[in-house]
Amino acid sequence: MDITAKYCHKEMEEYGSCVASNPSTWQHQCHELKMKVAQCTSSHPVIQKIRSDCSKEFVEFERCLRENQTAPTSCSPHVTRFLGCAETVDLSGVDVNPVPQPS
């Protein structure tokens, strides 16, 4: 989430504001903004690099969440391992401020 917030701040902020402004209808009202967050997180070069380099840790975290849906906090060690990996990813040569493509 910190990674998403760092590189997709504008999209996350707009989505968060929409959710807060539409407490009973946010799932419908904010769907387009949710999709913009998803597009940013899937297309940003830094996030792609982290997902690639830390795919093992990320897959283990996702598996833990699926297996512990009623107790997601039990996956904290998995989050810690993924974030630890993300901190060590070599981002030299990765364009951290890509020009957004028109949609």
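Hey, among 59, 46, 79, which residue is among the hydrophobic types (A, V, I, L, M, F, W, C) and open to solvent by 60 Å² or more (accessible area, probe 1.4 Å)?
59
Regarding residue 8, is this residue open to solvent by less than 40 Å² (accessible area, probe 1.4 Å) and modelled with pLDDT of 90 or more?
Taking the combined requirement at face value, the residue does not satisfy it.
Would you mention how many residues in the stretch 1-42 are of a type in the set (Ser, Thr, Tyr) and over 15 Å from the mean Cα position of the chain (by Cα)?
Residues that pass the stated criteria total 4.
Being open to solvent by less than 70 Å² (accessible area, probe 1.4 Å) and either under 19 Å from residue 97 (Cα atoms) or of a type in the set (Asp, Glu) (or both) is the filter here; which residues of the stretch 21-43 pass it?
Scanning the stretch 21-43 gives 37, 38, 40, 41, 42, 43.
The values are calculated or read from the model by the stated rules, or taken from the named source; none is laboratory data. From a predicted model like this one, the values you see are computed outputs, not experimental measurements. The protein model used for the area step is the full one, side chains on, heavy atoms only, and it has no ligands, DNA or RNA in it. Shrake-Rupley method; radii C 1.70, N 1.55, O 1.52, S 1.80 Å.
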